[in-house]
Amino acid sequence: METNNRNIRNEIAEKLDDKVLRGALGRFAEAYPTARAKAYENVPDVDALREQVKNMKHNTVLNIEAVADQFEASVVKRGGKVFRAKNGDDLKQYLIDLCKARGVKRIVKSKSMATEEIHLNHSLEEAGLHVKETDLGEWILSLAGQRPSHMVMPAIHLNKEQIAEYFSKEMHRDIPTDIAYMVQAARQQLRQEFVLADMGISGANFGIAENGAIGLVTNEGNARLATTLPPIHVVIIGYEKLIPNIRDAAPILRTLPRNATGQLMTSYMTMVSGPTPYMVKEDGQWVEKEKELHVILFDNGRLNAAHDKKFQQIYQCVRCASCLNVCPIYTMVGGHVYGHIYAGGIGAILTAFLHTMEDFDKINELCIGCRKCVEICPGKIDIPGLIEELRSRNVDDKGLPLGAKLVFENVLSNRTVFHTLLRLAAIGQKPVKEGKFIRHLPLFLAGLAKDRSLPAVADTPLRDRIGKIKRTPAKPVKRVAFFAGCNIDFIFPEIGESAFKVLQDLNMDVVFPEGQNCCGKPVLGMGDRDTAKKIARKNIEVFEAANADVILSACPTCAETWHQTYVELFEDDPAWSQRAKAIGHKMREFTSFVAEQYAAQKRLTKTTGGTKVTYHDSCHMKRGLGIYEEPRQLLDSAKGYELVEMHNCDKCCGMAGAFGVKYTELSMPILKQKIEAIKASGAEVVAVGCPACLMQIQGGLDKQAPSIKIKHVAEILAEGLPDNK
Ligand code: SF4
Ligand code: SF4
């Protein structure tokens, strides 16, 4: 697909309006987690199995050339031919030449994403060949003139009425919307194609180096027909599908169907090792002949990824598409907006390598970093981390857009200027401010505050309130340096005040190092590594000077940035890397730190009755830091509150930094789902551990369910302290 002239916003709007697509994806997304969980019930240690996939694939990519050589030698030994195609043109030429040489006129194809990647069908048809897709979903799409929208269920965006219409047109008769009837009609239509075909083209789920076999995992059996009936079988397999030994297929076969469709095993598992015999009638007699087997080992950017230390990870993908099934963005807009065959976050990364960085650039913002995909990916691929890395490389190559460059370099990296501007904003917002909210905005900004109120900048930031709340205990148990982050310092200073009170109640000496700035995550999210490094260095210096036992943040995104991102930023700079590690080691997230202290003081006793409170897990807290039990323990023990769970408590709220403002059209439906889940829980209060989630959910509640309040866990704990009663 030509992507340079795409208007991604229009495409998103079109998909958001597509009720069939939204309905199908919404229903599937709702049912999928339960189906997957059920399929894994008989696997004692799912994480160990995922680790096995990850390690096996990682070790393979480290030796990819040797594995490919062994695979080629094994295929040849068994009588097959191997062609290594550097790109799509090489591959197409080889196939067209082969068809000419063998007099091939008719081809049946079975599911192969690599061929979709290069629009092979189109090229073969232009060369005068009759090509038929035989996978049911792919066949439907060929009739509809559309591209797949999902890597496993390519026609998921269509309903049975639409499919019946395409079938009726193709078969020149009325096909009813009865699924069993439609499947039967498709079977009859396609069966002839298998019988008449001169060549069958298939993909492969894996290729085994030790014996040259390929494995195909399907539910329809058409791949088996395409690989066995025609006299020539061509396999098109990407380097990333190679595995060393037959036993390495086991973890793939155990995870792929479970993750893809919630099945223990697919209906068909076909292994092809070498040319198999086929039957042909000669002079009225059936005789056995040997087929021709050609294996095309396809590069098209894959070897570049294999040699890239960071992106080798994409070889850990088994193409189960489960990352799409749980992705808040994919499940709203489907696969077509990603521009090419590969959809979702992994699709965006593959697009950068298998197509172009310009294509990636168009879709790079369609990931909100929620890490839902990372949690279930069989290969444990850090999809959002790799997307962030691509964004940074893009900025390294092309620089930032001028506006962003000016703001990042002159404002965000200069604390004095940044904080002065925030103080000015607190004054400038007065005409639109109503209490703590901005509920209406004028002109083209109106959409930002339509279904969600925006928070106002606080009149007095946390840094100016410290004097009033600071106490210095005579014999403190610890010295804690509080890192506020922009949200707590300037938007929600009351969270910081509450955190101070809770920590001081624990007999800690809490200090607020004045020189602290933003953590740098927002600029890094835009790919600006240089500004992020400047900010990180300054923060590290300021907190080293604070000489604290613990650095504490009540924002999990900030905590994660200190823990992990600062260390990654300086991985090529030994001196700063050392300092980042040392300081990152001191950083603690508020709820987990306090829960630990409360447990030591036996203050985590469960209480019953009181105001119903439900807890929203922030993405960075739960999946970034692995913290989800501790805030619940604190809420369970908070006097006057009773914890109730909401549905999808760990689903993203749709904020995701600038995304929530830039892509309001995507952010608002995600927020709406969250508000609905909160209302359904019956809670009167929502507790959060993250100020960014608080900002988004508070805004949604103010417009959509104003009777429900939202509080940071620190505020709930502070309420119960003697000083606050
Ligand atoms: S990235 Fe992971 S979850 Fe997504 S398709 Fe690949 S293996 Fe499956
Ligand atoms: S991190 Fe979230 S938004 Fe990004 S690809 Fe994964 S599931 Fe989708």
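The values are calculated or read from the model by the stated rules, or taken from the named source; none is laboratory data. Being a predicted model, the structure only gives us computed values, none of them experimental. Positions of Cβ are backbone-derived with ideal geometry, glycine not excepted, and every protein chain shown enters the neighbour counts. Just so you know, the surface numbers come from the protein's heavy atoms only, side chains and all, with ligands and any DNA or RNA stripped out. Shrake-Rupley method; radii C 1.70, N 1.55, O 1.52, S 1.80 Å.
What a 1.4 Å probe finds exposed on the chain is 52% carbon and sulfur by accessible area, rounded to a whole percent. Here the contact order of the chain, divided by its residue count and restricted to Cα pairs under 8 Å and six or more residues apart, works out to 11 percent.
Between the helical axis of 493-505 and the dominant principal axis of the chain, each derived from Cα atoms, what acute angle in degrees is found, rounded to the nearest 10? Computed tilt is about 70 degrees. The angle separating the long axis of helix 664-681 from the principal Cα axis of greatest extent in the chain is about 70 degrees.
Rolling a 1.4 Å probe across the protein heavy atoms gives the chain an accessible surface of 42 Å² per residue. Between region 265-288 and region 666-721, the alpha-carbon centres lie 61 Å apart.
Surface calculation, 1.4 Å probe, protein heavy atoms: S112 sits at approximately 10 Å² accessible. I want the antiparallel fraction of DSSP beta bridges within the chain, as a percent rounded to 5. In the chain, DSSP labels about 25 percent of beta bridges as antiparallel. Would you please classify the overall shape of region 286-337 from the alpha carbon gyration tensor, given that a ≥ b ≥ c denote the square roots of the eigenvalues, rounded means a/c under 1.5, and beyond that prolate means a/b larger than b/c while oblate covers the rest? It comes out oblate by the Cα gyration axes. For region 82-170, the relative contact order works out to 21 percent when only alpha carbon pairs closer than 8 Å and six or more residues apart are counted. Note on T605: accessible area approximately 90 square angstrom, rounded to 10, probe 1.4 Å, nucleic acids and ligands left out. For region 529-687, the equivalent ellipsoid derived from the Cα gyration tensor has semi-axes of 32, 23, 10 Å, listed largest first. Going by Cα centres, region 120-171 and region 483-556 are how many Å apart? Region 120-171 and region 483-556 have Cα centres separated by 54 Å.
In terms of its C-alpha gyration tensor, region 389-530 has an oblate overall shape, because the principal axis ratio a/c (a ≥ b ≥ c, square roots of the eigenvalues) is not below 1.5 and a/b does not outweigh b/c.
One way to sum up the overall shape of the chain is the equivalent ellipsoid from its Cα gyration tensor, whose semi-axes run 53, 27, 24 Å, largest first. Note on region 357-406 and region 176-204: Cα centroid distance 40 Å, given to the nearest whole angstrom.
For region 657-724, the set of GluC sites (Glu not before Pro) satisfying both a DSSP loop assignment and a count of at most 15 other C-beta atoms within 10 Å is empty. Could you tell me which of rounded, prolate or oblate describes region 463-590, using a ≥ b ≥ c as the square roots of the eigenvalues of the alpha-carbon gyration tensor, with rounded for a/c under 1.5 and, failing that, prolate when a/b is larger than b/c and oblate otherwise? Since a/c reaches 1.5 and a/b is larger than b/c, the shape of region 463-590 is classed as prolate. Residues W286, W562, W576 ordered from highest to lowest accessible area at a 1.4 Å probe: W286, W576, W562.
A 1.4 Å probe, protein heavy atoms only, puts the accessible area of E514 near 100 Å². Each peptide in 178-191, 299-312 was scored by the mean count of other Cβ atoms within 10 Å over its residues; highest first, the order is 299-312, 178-191.
Helical runs (DSSP H, four residues minimum) scored at -39500 (n - 2.57) apiece and divided by the length of the chain put the mean residue ellipticity at 222 nm at -14000 deg cm²/dmol.
Over region 1-133, Cα pairs under 8 Å with separation of 6+ residues give a relative contact order of 14 percent. Each DSSP beta bridge with both residues in region 163-271 is either parallel or antiparallel, and the antiparallel ones are about 50%. Taking the chain as the reference, fit the longest principal axis to its C-alpha atoms, fit the long axis of helix 529-546 to the helix C-alpha atoms, and give the angle between the two in degrees, 0 to 90, nearest 10. With rounding to tens, the tilt is 40 degrees.
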